[in-house]
1. State whether the residues of segment 144-156 include one that is open to solvent by less than 50 Å² (accessible area, probe 1.4 Å), in a strand (DSSP E or B) and free of Cβ contacts under 8 Å to residues at least 40 places away in the same chain.
2. May I ask you to say which residue of His178, His206 is under 20 Å from Gln368 (Cβ atoms), out of contact with any Asp or Glu (no Cβ under 8 Å at 6 or more places or on another chain) and surrounded by fewer than 21 Cβ atoms within 10 Å (Cβ to Cβ)?
3. Go through the residues of segment 127-148 one by one and say whether even a single one is closer than 26 Å to Pro369 by Cα and of a type in the set (Gly, Ala, Ser).
4. Looking at Asp235, Asp259, which one is in contact with a Lys or Arg (Cβ under 9 Å, 6 or more places away or on another chain) and surrounded by fewer than 20 Cβ atoms within 10 Å (Cβ to Cβ)?
5. Exactly one of these conditions fails for Val120: (1) over 18 Å from Ser162 (Cβ atoms); (2) under 27 Å from the mean Cα position of the chain (by Cα); (3) of a type in the set (A, V, I, L, M); (4) modelled with pLDDT of 95 or more. Give me its number.
6. Between a residue in segment 175-198 that is part of a helix (DSSP H, G or I) and any residue that is of a type in the set (Lys, Arg), which pairs come within a Cβ distance under 8 Å, given they are 6 or more apart or on different chains?
7. Go through segment 366-413 and give me each residue that's modelled with pLDDT of 75 or more, closer than 26 Å to Arg33 by Cα and open to solvent by less than 30 Å² (accessible area, probe 1.4 Å).
Amino acid sequence: MVARIIPVESFDLVIFGGTGDLARRKILPSLFRRFVAGQIPDASRIIGAARSDLDGAGYRTMIEAALTEFLEPADRPADVVADFLKHLDYVAVDAKGDDGWDELRGKLRDDKIRSFYLSVGPSLFGDISRRLSQKGLATPESRIVVEKPLGHDLASARDLNSQLSESFAENQIYRIDHYLGKETVQNLMALRFANALFEPVWNSQHIDSIQITVAESIGVKGRGAYYDRSGAMRDMVQNHMMQLLCLTAMEPPSHFDPDAVRDEKLKVIRALQPVPMTDIVRGQYRAGNGEDSYRDHAENQDSTTESFVAIKAEVANWRWAGTPFYLRTGKRLRARVSEIAIQFKDVPHSIFDGEGPRKSNALIIRLQPDEGITLRMTIKEPGPGGMRLTDVPLDMTFAEALGPGVETADAYERLIMDVVRGNQTLFMRGDEVEAAWAWADQVIATWTSAKDVPQQYDAGSSGPEDSLALLHRDGRRWRDINS
């Protein structure tokens with residue numbers, strides 16, 4: 001099976017922060033892979049912009065070294081790398097001053113799509129977007145891409161949206177969340193809305209509960225100062241996990257177009273109930289299993305910032321009334337796992353006496369490390385001797401099921417090309433970001449007013465004990481993150 005490549009028009013892409021870690025590690029390697037796939041037209045140009053005193057040749061040397069560092073030798077043939085580097089240029093630009101803007105404007109062409117990728121800190125978003133407008137670089141067809149964090153709370157998110165909207169219309173702003181570029185996340189929509197099998201039972205009448213897990217085995221070493229001002233709630237729940245929840249819970253859009261999809265996601269966020277303290281568990285990892293503690297790398301050695309959070313959320317609408325959504329995410333957990341688990345209800349009456357309790361059907365959507373979908377079913381165990389039941393998985397790991405002829409693109413590859421195409425479906429809208437922050441702020445205010453202190457948990461464990469009790473009291477249990 002050969003993937004169908006959708007062509008794009010030639011473009012000018014300016015990467016602000018073009019010498020930074022994200023550009024070197026993700027953005028440029030992703031663009032190179034799209035170049036290899038034939039999706040970067042010959043007339044396209046990629047222009048790095050940063051404060052570093054470089055010229056075009058120096059920048060091409062830097063990016064060549066980055067491709068060598070972050071791509072496997074077989075994925076970067078020397079002749080193809082040389083061809084790709086011909087598309088690269090560089091301008092030294094002062095984001096807060098006037099230096100470099102005229103030179104940058106002179107490198108952009110009026111007949112090409114212009115996209116501006118802000119791979120910089122949020123404090124520079126407003127300055128850069130204003131100068132793009134004031135210096136005549138932004139056109140009505142231009143696009144601007146911003147990375148998280150998209151605010152620290154509702155007030156800062158509104159301020160950021162206001163700054164961007166001074167120079168760009170909403171249909172020009174691409175708020176990137178790399179989780180939405182993952183193959184499995186998009187397959188969640190295909191699974192629900194392209195198959196007659198699941199949508200009729202995708203509701204509280206047939207689904208017992210939904211678990212969304214984003215577990216990381218690494219800690220905060222190297223980014224402790226940032227993380228200590230953020231925590232698991234702001235770093236993961238408000239954005240990545242909120243998007244997974246929305247795609248799982250949303251109603252079918254009338255069409256598969258950007259605003260129809262985002263309208264339905266917004267309805268889910270607005271239907272989320274306030275979360276009481278009894279439905280929130282926070283944790284912070286301590287030293288264990290040969291690993292440092294969270295506080296060893298935190299900005300504040302007496303920090304009460306959570307490295308783990310578990311929440312029981314409720315979507316108050318007709319489809320989901322009474323079905324709990326359990327969210328958990330944390331650092332230094334037993335394994336690296338991201339998944340959505342749809343737990344179906346038991347059959348109303350079992351005709352198989354003496355077999356004991358069976359596991360209910362479950363649909364597991366794996367985002368990482370091995371993208372795929374598993375449907376757990378009950379069947380008869382093979383062999384004579386009566387009706388013995390057993391549970392088996394119907395498994396589709398994308399790398400195996402689709403065969404060697406199909407490569408799954410990295411999330412950044414897909415999202416960057418969607419920017420060039422002008423497709424906003426997988427990007428967050430301003431009102432969606434603000435609605436997510438409004439809900440997250442309420443959760444944070446709840447534990448702040450309760451003067452909650454995160455529970456300590458061992459590095460390499462499944463998290464704090466109270467997170468287990470969050471489900472046990474409802475007669476449920478978390479899925480094992482090792483399974």
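1. yes
2. Numbers: His206 fails: under 20 Å from Gln368 (Cβ atoms).
Residue meeting the stated conditions: His178.
3. No, segment 127-148 contains no residue that is closer than 26 Å to Pro369 by Cα and of a type in the set (Gly, Ala, Ser).
4. Details: Asp235 fails: surrounded by fewer than 20 Cβ atoms within 10 Å (Cβ to Cβ).
Only one candidate qualifies: Asp259.
5. (4)
6. From residues that are part of a helix (DSSP H, G or I), the pairs are Gly181/Arg414; Thr184/Arg366.
7. Those that are modelled with pLDDT of 75 or more, closer than 26 Å to Arg33 by Cα and open to solvent by less than 30 Å² (accessible area, probe 1.4 Å): Leu367, Gln368, Gly372, Ile373, Ala411, Tyr412, Glu413.
This table checks each residue for (1) open to solvent by 30 Å² or more (accessible area, probe 1.4 Å); (2) of a type in the set (S, T, N, Q); (3) modelled with pLDDT of 95 or more.
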{"site": "Val420", "(1), (2), (3)": "no, no, no"}
{"site": "Ala438", "(1), (2), (3)": "yes, no, yes"}
{"site": "Thr448", "(1), (2), (3)": "yes, yes, yes"}
{"site": "Glu465", "(1), (2), (3)": "yes, no, no"}
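The values are calculated or read from the model by the stated rules, or taken from the named source; none is laboratory data. From a predicted model like this one, the values you see are computed outputs, not experimental measurements. Counting neighbours? That spans all protein chains shown, and the Cβs are built from the backbone with ideal geometry, glycine included. In case anyone asks, the SASA skips ligands and DNA or RNA and just uses the protein heavy atoms, side chains included. Shrake-Rupley method; radii C 1.70, N 1.55, O 1.52, S 1.80 Å.
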